[in-house]
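Below is a structure I'd like to ask you about.
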Amino acid sequence: MIIQGIPLFFILSSFFSLFLQTFGGDVKPRPELYIPNYKIYHNLSSLNKEITRLVAQNPNYIHLNEKYLSRNKASQFVLHLKNFSQSDRTQQTLSSPKQKVLLSFGEHAREFFPVESALYFLKNITAGLTKPATSAQYKFSRTIFSNLEIFIIVLANPDGRHYIEKTKNYCWRGTSIGVDLDRNFDWNFGGKGSSSKPFDEEYRGHSSLSEPECAPYVELTQQHHFEAFVSFHSGIRQIFIPFADSLSAKEKRLPDNADVQLHLAKRIAHASSQPFQFGVGYVLNPYPADGTIYDYMHGVRKIPFSLTIELWGEGDSEENQCFDLFNPTSEKLQGALDDVMPIFESLLTFLIEWKDLKTHQYYHNLEQPEFGLPRSYMVPMVAVSMLLLVIFHRHLPASLSFRGYQRRRVVSLRSLSSTFAVGSSVKIT
Ligand SMILES: *[C@@H]1O[C@H](CO)[C@@H](O)[C@H](O)[C@H]1NC(C)=O
Ligand SMILES: *[C@@H]1O[C@H](CO)[C@@H](O)[C@H](O)[C@H]1NC(C)=O
Ligand SMILES: *[C@@H]1O[C@H](CO)[C@@H](O)[C@H](O)[C@H]1NC(C)=O
Ligand SMILES: [Zn+2]
């Protein structure tokens with residue numbers, strides 16, 4: 001019976017996995033060749049310790065908002081970075097109030113790297129405060145705290161991370177109930193660039209903003225006026241400006257300030273020693289993503305700069321499993337973190353310069369911004385880049401083509417971009 005049962009099991013399970021592949025979006029664990037070394041990568045408990053230590057050691061510069069919890073009541077580690085020893089009165093009499101920035105990490109459970117980069121940035125900026133006043137490190141930290149107030153959601157989806165630690169399923173992307181947080185927001189929610197099926201890794205949830213994990217995004221943007229929002233991911237090296245949703249793709253909709261947002265994206269792309277692609281979400285990626293956080297932040301919350309940055313990716317290969325598709329190996333973590341520090345630096349310095357430029361323009365009544373291209377160039381530019389993308393795609397070797405992943409993968413990694421991993425949209429013809 002047992003011997004007969006084995007082939008039957010295999011037939012049934014391959015049939016079942018074929019079924020799931022055809023319909024996309026299975027999130028079954030796969031045998032991992034590479035798993036993280038928790039002496040190098042943080043796990044939930046060491047992450048908690050590290051953040052507690054950073055907050056305790058820098059009471060005048062970092063506050064932890066303990067109110068923001070996941071469905072299973074784990075902290076999302078929402079931090080507020082500000083020079084708290086400056087009284088609000090001093091703040092008000094400052095010639096220019098500080099710009100507010102919201103950064104989000106750890107929305108997708110399997111993307112450990114962005115969370116590590118958040119911690120690395122926090123350590124860098126706080127270590128800078130302890131350096132001699134004449135050092136470049138101190139000056140950088142001082143520039144940040146003198147000009148900006150930064151809110152950081154360090155681990156948007158702690159339940160997903162808990163699930164990975166418990167099950168060793170390093171392919172898991174969703175929350176405790178499998179919702180893709182980056183499809184749960186109120187911007188073209190329910191469109192075809194997401195899934196209504198709970199087993200799909202792009203499951204959008206039963207209604208927009210249904211997940212408790214959305215609370216810091218919604219509430220912080222109600223309480224504060226942000227100049228910039230960035231959602232950090234990994235899986236590839238790309239920088240997107242809005243929009244990513246299927247309706248915008250269809251209507252060729254662009255943000256009103258697409259030129260300056262592209263200018264920022266370009267600055268960031270060129271700051272890194274690694275090659276980064278940048279562009280409008282639906283142009284850069286052939287698949288739509290509906291209900292994303294960064295589209296919501298720009299489209300609904302009207303935050304002028306709203307980006308998704310995919311920080312790391314080395315390309316797909318047959319050998320790679322989930323962990324190493326989305327994260328550098330433990331030995332390569334430090335180098336990869338050093339590679340992305342200039343991204344944080346260029347993002348924040350741009351925003352400070354941008355503010356200075358706007359203030360300057362206000363006082364001098366300048367009409368044309370010096371940044372970016374005039375708007376009239378935008379539509380032809382997008383058209384040309386779409387055309388190039390189509391041509392480029394045709395010429396990609398089959399092994400590199402996005403379409404090449406479609407049926408090979410157990411997990412629906414049809415596009416390496418973790419933001420855009422396509423769920424149930426495979427056409428069955
Ligand atoms: C988390 O990592 C630490 C090392 O930093 C290790 O001592 C601990 O056992 C790990 N915890 C779990 C639950 O794996
Ligand atoms: C912070 O990162 C920058 C850029 O990588 C580096 O030059 C600087 O030394 C770091 N500062 C500290 C205090 O480690
Ligand atoms: C923070 O504010 C205090 C009080 O105004 C000031 O003395 C200190 O230098 C500020 N820290 C930084 C890093 O700018
Ligand atoms: Zn992601």
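Does region 295-309 contain at least one residue that is touching an Asp or Glu at 6+ places or on another chain (Cβ under 8 Å) and at pLDDT below 95? Explain how you work it out, then say what you get.
Within region 295-309, the subset touching an Asp or Glu at 6+ places or on another chain (Cβ under 8 Å) is 295-296, 300, 303-306.
Within this subset, residues satisfying the condition of being at pLDDT below 95 are none.
No: region 295-309 contains no residue that is touching an Asp or Glu at 6+ places or on another chain (Cβ under 8 Å) and at pLDDT below 95.
In a helix (DSSP H, G or I), buried (at least 20 other Cβ atoms within 10 Å of the Cβ) and either free of Cβ contacts under 8 Å to residues at least 40 places away in the same chain or not β-branched (Val, Ile, Thr) (or both) - does that describe any residue in region 226-238?
Here is the first cut: in region 226-238, the ones in a helix (DSSP H, G or I) are none.
Within region 226-238, not a single residue is in a helix (DSSP H, G or I), buried (at least 20 other Cβ atoms within 10 Å of the Cβ) and either free of Cβ contacts under 8 Å to residues at least 40 places away in the same chain or not β-branched (Val, Ile, Thr) (or both).
Something else about it: Of the conditions (1) outside any helix (DSSP H, G or I); (2) touching a Lys or Arg at 6+ places or on another chain (Cβ under 9 Å), Leu325 satisfies every one except a single condition; which number is it?
That leaves (1) as the condition not met.
Based on what the data block shows, is Gly128 crowded, with 16+ Cβ neighbours inside 10 Å and in contact with a Ser or Thr (Cβ under 6 Å, 6 or more places away or on another chain)? It would help to see each step written out before you state the result.
Details: crowded, with 16+ Cβ neighbours inside 10 Å: yes; in contact with a Ser or Thr (Cβ under 6 Å, 6 or more places away or on another chain): yes.
So Gly128 fits the description; yes.
Let me ask something additional. So, Ile309, is that one in a helix (DSSP H, G or I) and of a type in the set (A, V, I, L, M) or not? Lay out the reasoning, then the answer.
Numbers: in a helix (DSSP H, G or I): no; of a type in the set (A, V, I, L, M): yes.
No, not satisfied.
Over 18 Å from Ser75 (Cα atoms) and within 16 Å of ligand 1 (Cβ to nearest atom) - does that describe any residue in region 144-161? Working first, answer last.
Filtering region 144-161 down to residues over 18 Å from Ser75 (Cα atoms) leaves 144-150.
Those left that are additionally within 16 Å of ligand 1 (Cβ to nearest atom): none.
No, there is no match, as no residue in region 144-161 is over 18 Å from Ser75 (Cα atoms) and within 16 Å of ligand 1 (Cβ to nearest atom).
Which ones in region 33-52 are surrounded by 11 or more Cβ atoms within 10 Å (Cβ to Cβ) and assigned to a helix (DSSP H, G or I)?
Of everything in region 33-52, those that are surrounded by 11 or more Cβ atoms within 10 Å (Cβ to Cβ) and assigned to a helix (DSSP H, G or I) turn out to be Leu44, Ser46, Leu47, Asn48, Lys49, Glu50, Ile51, Thr52.
The values are calculated or read from the model by the stated rules, or taken from the named source; none is laboratory data. The structure presented is a predicted model; accordingly, all values stated were derived computationally and were not measured. All Cβ positions, glycine included, derive from the backbone under ideal geometry; neighbour counts span all protein chains shown.
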